[in-house]
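Remarks on the structure that follows.
The values are calculated or read from the model by the stated rules, or taken from the named source; none is laboratory data. Values in this document were obtained by computation on a predicted structure and should not be read as measured data. We place every Cβ from the backbone using ideal geometry, glycine too, and count neighbours over all the protein chains shown.
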Amino acid sequence: MSEAYERERQNNSRLDELASKVSALRGVTVDIYDNAQDHRLIDSSNEAFSSFSNSLKGSATRLGRMAQSGNKVAILKLAGIIVVVVVLLWWIWHLVFG
């Protein structure tokens with residue numbers, strides 16, 4: 001009887017060890033999934049910023065061509081946009097750091 005009790009105790013001990021290993025494996029799996037989701041978010045953010053950068057470069061090129069054409073209205077528009085951007089950046093700077 002004592003031998004059967006000892007085997008049962010060993011089985012229970014090994015079962016507990018196995019349960020803790022399964023729990024650790026589940027935790028690692030969840031961490032891997034979360035890490036993969038973070039990388040997808042970073043990749044989509046990089047794509048969005050890249051698209052924004054290309055759009056901004058295209059707009060700047062078109063504005064430059066407009067200014068080179070010598071059109072007075074185009075030059076005034078460009079100057080107005082530059083003034084608005086500078087004022088907006090100044091306002092944001094004082095809002096954040098002031």
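Data overview
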{"item": "Flag if residue 2 is hydroxyl-bearing (Ser, Thr, Tyr) and either surrounded by 10 or more Cβ atoms within 10 Å (Cβ to Cβ) or at pLDDT 85 or above (or both)", "result": "no"}
{"item": "Qualifying residue in segment 65-72 (condition: among the polar types (S, T, N, Q), part of a helix (DSSP H, G or I) and free of Cβ contacts under 8 Å to residues at least 60 places away in the same chain)", "result": "yes"}
{"item": "Residue in segment 28-51 that is in contact (Cβ under 8 Å) with a residue 12 or more places away in the chain, of a type outside the set (Phe, Trp, Tyr) and assigned to a helix (DSSP H, G or I) present", "result": "no"}
{"item": "Matching residues in segment 66-98 - criterion: being exposed (fewer than 10 other Cβ atoms within 10 Å of the Cβ) and among the basic types (Lys, Arg)", "result": "72"}
